[in-house]
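The values are calculated or read from the model by the stated rules, or taken from the named source; none is laboratory data. Predicted model only: the values in this text are computed from it and were never measured. Please note: Cβ atoms are built from the backbone with ideal geometry, for glycine as well, and neighbour counts cover all protein chains shown.
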Amino acid sequence: MSQSTEPTKPSPEEQRDAGTVQTAPLTGLTTEQAAQRLTRYGPNAWSERHVSRLRQLLGYFWGPIPWMIEIAALLSAVVGHWADLTIILVLLGFNAGVGFWQEYQAGNAIAQLKKSLALTARVLRDGQWRGIPARELVPDDVVRIRLGDVVPADIELLQGDYLTIDQSALTGESLPVDKKAGDTAYSGTAVKQGEMVGRVTATGMQTYFGKTAGLVSSAKSASHFQKAVMAIGDYLIYLALALVVILILVGLERQWPLLELAQFALILTVASIPVAMPAVLSVTMAVGALALSRRKAIVSRLESIEEIAGMAILCSDKTGTLTQNRLTLGNPVCFAAADNDALILAAALASKAENGDPIDLAVIAGVRDPASLNAYHQSHFIPFDPISKRTQVTVQTDNGKPFKLSKGAPQVIMQRCQLDDVSRAAAEQRIEQLANKGFRTLGVARQDDREWQFLGLLPLFDPPRDDAAETIANARRHGVDIKMVTGDNLAIARETAGQLGLGDHILSADGLNLSPDGQLAPEVTATLSQADGFAQVFPEHKFALVKALQEQGHIVGMTGDGVNDAPALKQADVGIAVSGATDAARASADLVLTAPGLSVIVQAVEEARRIFQRMNAYAIYRITETIRIMIFMVLAILMYGFYPITAVMIILLALLNDLPIMTIAKDNTWLPPKPVRWEMTQVLSVASVLGIMGVASTFLLLIIARTWLQLEMDQIQTVIFLKLAIAGHLTLLVARTHRPFFAPPYPAPILLVAILCTQSIAVLIAAFGWFVTPIPWSMIGGIILYALAWMLINDLIKLAVYRVINRQASHQKRFLSALKQSFHQHPPAQSR
C-alpha cells in the first residue's frame, strides 16, 4: 500500500541546493525528564509474547512423541508391568527436563546475541549529543538520523534539508520516499540519503510499525542443513514404523499377548525416533553462536552457520576490511587554491567532525592551524552519500558574504566546475599518477557567485592492514577465494591488491556491462570466478556480482557497511556487516563483525565448520543407532521368536544414549580444509555400513550366548542390553571423526565423562540386576572387550568407506572439470 497523502517533493538535487532549513535552536530532554518518560511509556521496544517457564515445561508433555510415551505408560499400567511404568515415566520426565533445559540455554544465548545487535540512537540529552541504546528513547527526545540509520522511533522531522527513506517494509512502496521538515519518519525504516534532526513522537508499540507488527511476518524458511536433518528424522521414523509393522504382524501370527505386543512395539518406536534431535540442534547452534561472538563475530541468524561453513567465495570490501581505514593526507595538488593550507582549509570546512566520517576526520586533522576553523560558520551542510559522491556546505564568516564549498570524487567535482581542457587533462593525469602509488584523491571546489572553481586535489592514503596479506593467504588455505570489491579506481585497486598478494586480475565496473534490469552479460559472468577483484563498483554492481557467482554454484559471502550495501548483503548466502557498519547494513547481514579486519571472518569460517562437523557426527550416529537396534530386534524376533531385550531395556538404552549425545555440541572436532556442504550420500553410506556391522556384531554375540554359552533367555537379554549400551557409546567415538578414532582432535573431556558415566551405569545395572537379570562380572568384562574389538573393526571399515567415497568424488570432479574445459573450448554456435 503506497502513501497517497505524500505531497509532491522536489528532486534530491533541488533539495540539496535549496539551502532552506529550520534554524531555531532545539533543546532536548534532561536525564531526569527522560527517566520519568521511560517509566511512563516503557522501553522503546516491541512487546514480545513471553511464555511462562511452567508452561514451557508442560509443553514438553504435549505432542506426538510425548503422546506415544504416555500411551506406552498407560499400557504398562494396564498389563501390570510396574517396573516398565516407572522407567517410562522417568524417560518422559527426562526428555521433558532435557528439552526444557536446552531450550532455556539456547534462549539465553540468543538473547545475549540480540543485545549485541541492539540499535543505538544519537540523542540530545542535557544539552549534549550522545549515543544511547534505542530502547531508551522516549517521546519528545531530540534525535539526529542520517544515511545508513534504521529510524529508531516515529520521528517528526524538524531541521535539515531532506531524507530519502526506504519504507517498503511498511507500505510496500518499491521506491524510496523523500521526506522534509514537517514529515514523519517511521520506526523501522532505513535512511538511504540525507541527514535531519527531529523529535520523537511515538515509541515501542505506539509507533506505526508497532501497531501493525501483527501483520508483519519475520518467519524464515528452514536452512539446507535443517531440511537435511529433518529429512533424516523422517527417514528414521518411516524405517521404525515399517519394522514395527513387521513385528506386530509376526506377533499376531504367533499369538503373543496383544497388549504386551502393543506396548513393546510402541516403546521400540519411541526409542528409535530421534527425540533428542531438536535439543541437539538448538544447543549446538546456540553454543556455536556464542563461540563466534567471543571471536567478535555475531550471528544474527543461527541457521546461517551452515552457509558460513560452506562459503567458497568472499567478496570483500577494501576500506576498513583489507585496509586500516586510517586515512592520512598526502601532498596537496593546487589548481585555483592560493596554497596548500588554503586547499586543506576549504576541504575541512566541507567536513563535519561529529559525523565521525574517516575522510572528514583525516581532512580536518590536516589543518595546520585548527583555530582558523573558528572564523567560519557552517549554515547548511549536505552530507556525503553514494549517489552524489560529494559533500556540500554553505559557509559564512562574521563580516563576509556566504559561499559554498564541496569535496568528493574528483570526477564529480570537476564536472561541476568550468575547467578548460588543459587543466582537466592535467588533473586527470595527477589522479592517475597518485592512484598508481595507492592514493585515492578528493576534489575540492568553491562557489562564490555562479560558477564553481576547482581548487585542487587532496591525496589520501589508506595503508593495508598489517595482518591482511597473511589473512588472505590463510583464507585461501581454507579454500575461501577472496575477491576485493571497491569503489576506488582501477589503478588504486591493482596497487592495493598487489600489496596484499591478491593478484592483478582486477575488473573495472565499466567492463561488467550491466543491463538495465541489473543483470551481467553472459560473456562477463563466465570470467567472474577467475577475477581477483572489482574496481569502481556501485551498489548495483555488488548485487549483480553476488547473484552471478551464486548462479555458477558457489556459496558466496559479501561484506558491506553502508545502507546501499543492504541488497547485496541480503542476496549473499553470507551477508557480513563489517565493524562500524550502519544499522541498515547490520539489519540485512547474517554475520555482524565487531572487530575490524578480515581475520575475524576466517575465524568465523573455522568455527562454523567445526559446528557443521558436530552436526554431521550426530546425524551419522543417530542413523547408525536406529539401524543397529531396530533391524537387530526385528530380525532376532523373526528368527528366534522371543524378545532379545525387554521393553524396560529399550527405555534404559534411550536414556543412556541421550546423555552423551547432548555433549556433542561442545566436542573437539577436526577442521576441514575446504568448504563443507551437506553430503547426504556420504552420511547415509557411512551410517548404513556402521549400522549393518552393529547388527552383525550383536547377532554374533546372541549366537554365542544362546548356542555356545547356553544362557537362560533372561540372561541373554541382559548380555544383549549391555552390549548395545557399551557399543552405542563407542559408536559415537567412531562416528565423530573422519580419521581414526584415536587420532587428534581427541574427544572433549565433557563428552568422555558423559560416556564413562553412562557406561558405568549400564555396567552396574547388569551387575546388580537393576530392572534386569544380573550377570557375573567376568561376563561383563568379556562383553566390554568384545565391544572394544568391534569398535576397532568398525573404525577400519569406516576409514575404508571414506576412502571409497573420496575416490569416487575425485573421479567425478576430474570428469566434470574435463567436461567443463571441453565446453569452453567448443562453445555452442550462436543463433542467428
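The figures follow:
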item: The lone exception for V772 - which of (1) at pLDDT 95 or above; (2) more than 43 Å from the chain's Cα centre (by Cα) it fails; result: (1)
item: Scan of the range 724-764 for residues that are out of contact with any helix residue (DSSP H, G or I) (no Cβ under 7 Å at 6 or more places or on another chain) and among the β-branched types (V, I, T), ordered by number; result: T737, V753
item: Test: residue in the range 290-297 that is surrounded by fewer than 23 Cβ atoms within 10 Å (Cβ to Cβ), farther than 30 Å from F538 by Cα, modelled with pLDDT under 80 and among the charged types (D, E, K, R); result: no
item: Among the residues listed as Q682, Q717, the single one being in a helix (DSSP H, G or I) and at pLDDT below 90; result: Q682
item: Residues located in the range 456-470, provided they are buried (at least 21 other Cβ atoms within 10 Å of the Cβ) and more than 21 Å from E432 (Cβ to Cβ); result: R465, A468
item: Candidates L266, L343 - the one that is in contact with a Pro (Cβ under 6 Å, 6 or more places away or on another chain) and either under 30 Å from A73 (Cβ atoms) or modelled with pLDDT of 85 or more (or both); result: L343
item: Which numbered condition T496 misses (of (1) without any contact (Cβ under 8 Å) to a residue 60 or more places away in the chain; (2) part of a helix (DSSP H, G or I)); result: (1)
item: Some residue of the range 332-348 being touching a strand residue (DSSP E or B) at 6+ places or on another chain (Cβ under 7 Å), farther than 23 Å from E428 by Cβ and in contact (Cβ under 8 Å) with a residue 24 or more places away in the chain; result: no
item: Tabulated pairs, the range 790-801, first free of Cβ contacts under 8 Å to residues at least 12 places away in the same chain and at negative phi, second surrounded by fewer than 19 Cβ atoms within 10 Å (Cβ to Cβ) and part of a helix (DSSP H, G or I), C-beta under 9 angstrom, 6+ apart or interchain; result: A800/V689
item: Cβ-Cβ under 9 Å pairs, at least 6 apart or on other chains, the range 241-252 side not assigned by TED's automatic domain parsing to the domain that holds A647, far side among the hydrophobic types (A, V, I, L, M, F, W, C); result: none
item: F538 over 20 Å from the mean Cα position of the chain (by Cα), surrounded by fewer than 20 Cβ atoms within 10 Å (Cβ to Cβ) and not acidic (D, E); result: yes
item: Odd one out for D517 among (1) among the acidic types (D, E); (2) without any contact (Cβ under 8 Å) to a residue 60 or more places away in the chain; (3) not in a loop (DSSP other than H, G, I, E, B); result: (3)
item: Some residue of the range 498-516 being farther than 28 Å from R326 by Cα, touching a helix residue (DSSP H, G or I) at 6+ places or on another chain (Cβ under 9 Å) and hydrophobic (A, V, I, L, M, F, W, C); result: yes
item: Tally of residues being surrounded by fewer than 21 Cβ atoms within 10 Å (Cβ to Cβ) and within 29 Å of the chain's Cα centre (by Cα) across the range 734-763; result: 8
item: Pairs where the first residue, in the range 673-697, is under 16 Å from R803 (Cα atoms) and the second is of a type in the set (K, R) and crowded, with 16+ Cβ neighbours inside 10 Å, C-beta under 7 Å, 6+ apart; result: V686/K798; L690/K798
item: Count of residues meeting criterion [more than 20 Å from I576 (Cα to Cα) and not in a helix (DSSP H, G or I)] in the range 521-546; result: 5
item: Within the range 389-424, tally of residues that are closer than 23 Å to S379 by Cβ, crowded, with 18+ Cβ neighbours inside 10 Å and of a type in the set (A, V, I, L, M, F, W, C); result: 5
item: Residue ID - modelled with the highest pLDDT, chosen from residues in the range 178-194 that are in a strand (DSSP E or B) and crowded, with 22+ Cβ neighbours inside 10 Å; result: A185
